[in-house]
4 protein chains.
Amino acid sequence: MNHENKQQAVRSMLKKLSQVKREEGGLKSFVMRSIRLDGSEEEILEEMAQWFLAVRDLSKQGALPSRFSLSEFIPVFCRIAEDKNIGADRFFSGVLEKMVLESEEVLRGAPKPSTKDKILDAALDVFSEKGFHLATVDEIAERAGVGKGTLYRYFANKETLFNELVQLRLDELEKSAMAILDGEDDVLTMITKYLRVYFEFFDQNQRLYRLIVQEGLDVGDQVQDLYFKKVMRRIPLLKRKIYGARQQGLLKDVDFHTVFYGVMGFMHGVIQKWLARDCSYSLVEELPGVVEVLFYGFVNTSKFVESQN
Amino acid sequence: MNHENKQQAVRSMLKKLSQVKREEGGLKSFVMRSIRLDGSEEEILEEMAQWFLAVRDLSKQGALPSRFSLSEFIPVFCRIAEDKNIGADRFFSGVLEKMVLESEEVLRGAPKPSTKDKILDAALDVFSEKGFHLATVDEIAERAGVGKGTLYRYFANKETLFNELVQLRLDELEKSAMAILDGEDDVLTMITKYLRVYFEFFDQNQRLYRLIVQEGLDVGDQVQDLYFKKVMRRIPLLKRKIYGARQQGLLKDVDFHTVFYGVMGFMHGVIQKWLARDCSYSLVEELPGVVEVLFYGFVNTSKFVESQN
Amino acid sequence: MNHENKQQAVRSMLKKLSQVKREEGGLKSFVMRSIRLDGSEEEILEEMAQWFLAVRDLSKQGALPSRFSLSEFIPVFCRIAEDKNIGADRFFSGVLEKMVLESEEVLRGAPKPSTKDKILDAALDVFSEKGFHLATVDEIAERAGVGKGTLYRYFANKETLFNELVQLRLDELEKSAMAILDGEDDVLTMITKYLRVYFEFFDQNQRLYRLIVQEGLDVGDQVQDLYFKKVMRRIPLLKRKIYGARQQGLLKDVDFHTVFYGVMGFMHGVIQKWLARDCSYSLVEELPGVVEVLFYGFVNTSKFVESQN
Amino acid sequence: MNHENKQQAVRSMLKKLSQVKREEGGLKSFVMRSIRLDGSEEEILEEMAQWFLAVRDLSKQGALPSRFSLSEFIPVFCRIAEDKNIGADRFFSGVLEKMVLESEEVLRGAPKPSTKDKILDAALDVFSEKGFHLATVDEIAERAGVGKGTLYRYFANKETLFNELVQLRLDELEKSAMAILDGEDDVLTMITKYLRVYFEFFDQNQRLYRLIVQEGLDVGDQVQDLYFKKVMRRIPLLKRKIYGARQQGLLKDVDFHTVFYGVMGFMHGVIQKWLARDCSYSLVEELPGVVEVLFYGFVNTSKFVESQN
DNA sequence: AATGAATGAGTTTTCATTCAT
DNA sequence: AATGAATGAAAACTCATTCAT
């Protein structure tokens, strides 16, 4: 519905905008760039309104470090108004008007984030920042821009929220992983693809990592289970492939589970490094190195064997 | 007890004493203790011994410009002995004996598990069972068989208890790891030994694992930091060795940190498997397989297989 | 409601609104609220009213370079009204009405004693009965007829509750006292009035006395400080008056601070007597005697008695 | 007994010395003055030892801001030793020896403070610093240099300790006050003397003031009672005198109790001022001003009446 | 008599969850 | 459906008091 769309979009924007203060200067410097402030008064108003609305989208896409509050913008608007010699009050009400009209247009196309999605987004935010126990339902509800009661309409309790959050994403991962295991690639290609899917997933879901891997244990042992069960479910498939490869002499005869857990661990280690580097590069870049080491070890045997490298 | 024995005893005592520092106040309270020159002969001996130890330790800490030798104090002891009508000879050896016993009591002496140990044991129990947040001080105290207040006599708060618990064990691990890195082995031997030490450690401290590795993040980022910092501190040493080995063409030219984190992760993965098997076998048994894969990969290259790459 | 009425209403509303600031977040939350342009007509009116109030207030705070007049916004409101298919006329007056009601609700509206008031009342009860340390939060909550958690919704902790309780009343006293000191009376009249204000205040706030005067020291030195600082703040004014009077030979040349503290003490002494008599009479009745003694002493000099000195 | 004397003196000294750290620099600067560091090695040792012991006495007399720890002295000793080219260790043991001998001598004459007195002293310290509720029995025992259990041998509980502490001192005050009221002076002289006694008492017992006047209420209403009951007990005597004086026309006919409470309050007010000035002058100095105002008021009537002033 | 480790009742404070509006 | 004020169970932590040595 039109009205609801608008409401949700604007509200969520403002809510999100309402937390930028921490990152001082972040907003301000951003605000002043990239706005064309020439042209008629009308055009400036238009510009500002669109700009303000654009920020919302950026914010939603995660391209901005944090959220913004309307009040943050008011001084900016006023400075511009002063600069352009437009009465601050007229300027302001003009922008407001434009925003109202504009938002209507913009929102028509925007897929409204459902309440549930808003909550899940906020939950991921908070959980990954503070961990399960230190996160409070209050904060999640606040960040989601919904009432606490509403949250409880969608999730039976905090734990359920957490689990559903993780499970949801995990399902995506599983789906991708399954697709690979169900494929017809040879073992090594399959493993490489498998690793790539993992890296890509966490590349995309950075904050999820600690939730899944590091928080899992506390929350009633369910998530940890989940994580490993999902991962393990398709193992038989993999196992068969691997045993086949082994018999062809392609793979060494080391205990399958040891290697499996080890490889997963290796991958997690690399993710740790990546987290320690603040996710400043793409995880996938690590893939070649990882594959090289896991397949052929880190000892350089090339003096004798040339086919590698 | 002959003189050499005494010397030996004193030396070992002082060495051990110097490890007490951590226990906040432990040493300070020594220093603060007054010199009681009345009471029974026994008490005077005790008093002098402790006083001397306090001075000695200040000296060792570098708080004093010069080092004190026991022999310098002998005249003082004699004077006091005379004053107190205790045979100077008996007085002196008495003091020495007290000094030795004191240290023995404080450091070696866990004839019955001390209260602190009982608490630490119970804490390990509960923390590893429930995680930091779900563990309650009440339960730890109860399992330790002490009152809640007693627990707080020994640990300032829950967090301190947790950290001290982990740090204590971690120090052992670090010490072993350091010993290896400081050694003169070639790189591959060193890495093998390093992995062995890890496996042995967790073999011995099964329940500790999740505390150290999985709880770390919550508890004020301190433990996680600790864990990795401790491990990382010696990295430069390792790095140098590895770069050396690389230049000799012994190791591949894969990013050092990637491999390091990866190898640690591999190891953790194997530990996970072991935990999943309820620690039903010795972790060290995994070592050969782990080393084989990490060194030379899991691909069998011995047969010039073409399907790869 | 005619136009003047509205003007009047808005003015009084805004004035009252500006007093809300203390209630932390009270205003901020206004500002933070988003503009909802969907939902029922009623909701839109509400939304616009609140939004305007927020801007208005920023303006009043000096955060904006110019002041906004309501009239500037009228076109915007009209545009929105048009857009939403609400009669512009009805829309506007609706918004205005909401604005007035909003303020009424927030500020005047204590038809039933608010939760916060109930807590403050109970706190005064308990604190004055048992003192700060012996009063328990449990008892205060119980007497207020609210849950413990509710109390903590309104006051960050016990100390804050105490301070807010005292500070609130103290502000009244200070306001009255200031009014007198700022007046144009001659010194003696001023002092008399000052004493009267004090007596009247404690007549009205019997139980508060011990809290303010006798508990002060413990609670982080804040209240005691507060009490005296508030009282002292206006001293320079008084001092000037008194020095003037002194030069005219009206007052004796006794150290100002000695007399000031002494007079305050005298007053407190009389209050003590009154408390000892269970506040069974009006404190103000003591005023004439107090003034007589403080002004002219308790020695009867009217008869040229020689035995003195 | 000799031994006990020594023990107590040294121990109490060291205990007291053990708290100077707070007042930084306080000790160090003090330490370096007033020591003659010329003469033979023997003389220096002697000097240091005596000096160290002297500090104890100063400390006990309250002439030093706080307490000292032995360890604080060691660096000083060492610096001197170095400076004088005496082996630090020999120097140190020399001083120790001297101290032992010296303390024996010094202590023979010192009236040993009984355990109970030590506790009362410490209690006054702590209570007046922190107030009844914030003071802990632990700290009192520690500062008294006795075990907690010992404290409980002498006082049934914390409250009793507090009351006994206050009562003890109050008795002194009462005794002095009684002596005056029992005297044959005329009323005004008597009142003047009475006020003097009060001022002298609190001059001598600075820290006691807040205990008696400001803490009283909490501690089971007993102390407050005590204070006023003691003060009031002799009132009838005073009252009779005053009524007599009144009938002679010497005193004004203002309600006796009002004036009595008022005068006491005036006095307390002046004490407050004095406390606010950190007791930096003698309270008794205020007496003339206080008497002048109370007797004849602060209004200057001298234009008409010459007999005053 | 002296000690100080041990104790647990009693406090403050938090936060997931409910429910009237 | 949405809300957020109200709740109280549960947790951390303190400290006066006891009691075995």
* Could you pull out the trypsin sites (Lys or Arg not before Pro) across region A:239-304 that fall in loop regions by DSSP (anything but H, G, I, E, B) with no more than 13 other Cβ atoms inside 10 Å? => A:277, A:303
* To do: Taking amide H positions as placed in the peptide plane 1.01 Å from N, state which residues far from residue C:251 in sequence (5 or more) or on other chains have amide H under 5 Å from it.
  => C:246, D:300
* In B, who owns the beta-carbon nearest the axis carrying B over to C, and how many Å from it? -> B:157, 9
* Structure fact -> Measuring from its Cα centre, region A:115-155 shows a charge dipole (+1 at each Lys and Arg Cβ, -1 at each Asp and Glu Cβ) which, in debye to the nearest 20, is 180
* Structure fact -> Links exceeding 24 Å between C-alpha atoms in this model, out of C:175/C:252; C:273/D:239; A:148/B:158; A:273/B:252; B:130/C:148; D:116/D:158, come to C:175/C:252; A:148/B:158; B:130/C:148
* Estimated buried accessible area (total), pair C and D, 1.4 Å, Å² to nearest 100 -> 4600
* **region A:272-277 - phi-based ³J(HN,Hα) in whole Hz, Karplus 6.51/-1.76/1.60, Gly and Pro as x** => 4, 4, 4, 5, 4, 8
* Considering only protein heavy atoms and a 1.4 Å probe, what is the carbon-and-sulfur percentage of the accessible area of region D:115-155? -> 44
* Asked: What is the mean number of Cβ atoms from other protein chains located within 10 Å of the Cβ atom of each residue in peptide A:245-252, rounded to a whole number?
  -> 5
* To do: Kindly identify region B:115-155 as rounded, prolate or oblate by the Cα gyration tensor criterion: order the square roots of the eigenvalues as a ≥ b ≥ c, call it rounded if a/c is under 1.5, otherwise compare a/b with b/c, prolate if a/b is larger, else oblate.
  => prolate
* Structure fact -> If labels are modelled 7 Å from Cα along the Cβ direction, residue B:186 lies from its partners in the other copies at nm distances, smallest first, of 3.2, 11.0, 11.5
* **7 Å along Cα→Cβ, label-point gaps from residue C:153 to other copies, nm, shortest first** => 2.0, 4.3, 5.6
* Structure fact -> Sorting from shortest, the nanometre distances separating the label point of residue C:285 (7 Å past Cα along the line to Cβ) from those of the same residue in the other copies are 4.2, 8.8, 9.6
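The values are calculated or read from the model by the stated rules, or taken from the named source; none is laboratory data. These figures come from a predicted structure and were not determined experimentally. Backbone-built Cβ (ideal geometry, glycine too); neighbour counts: all protein chains shown. Note: areas computed on protein heavy atoms with side chains; ligands, DNA, RNA excluded. Shrake-Rupley method; radii C 1.70, N 1.55, O 1.52, S 1.80 Å.
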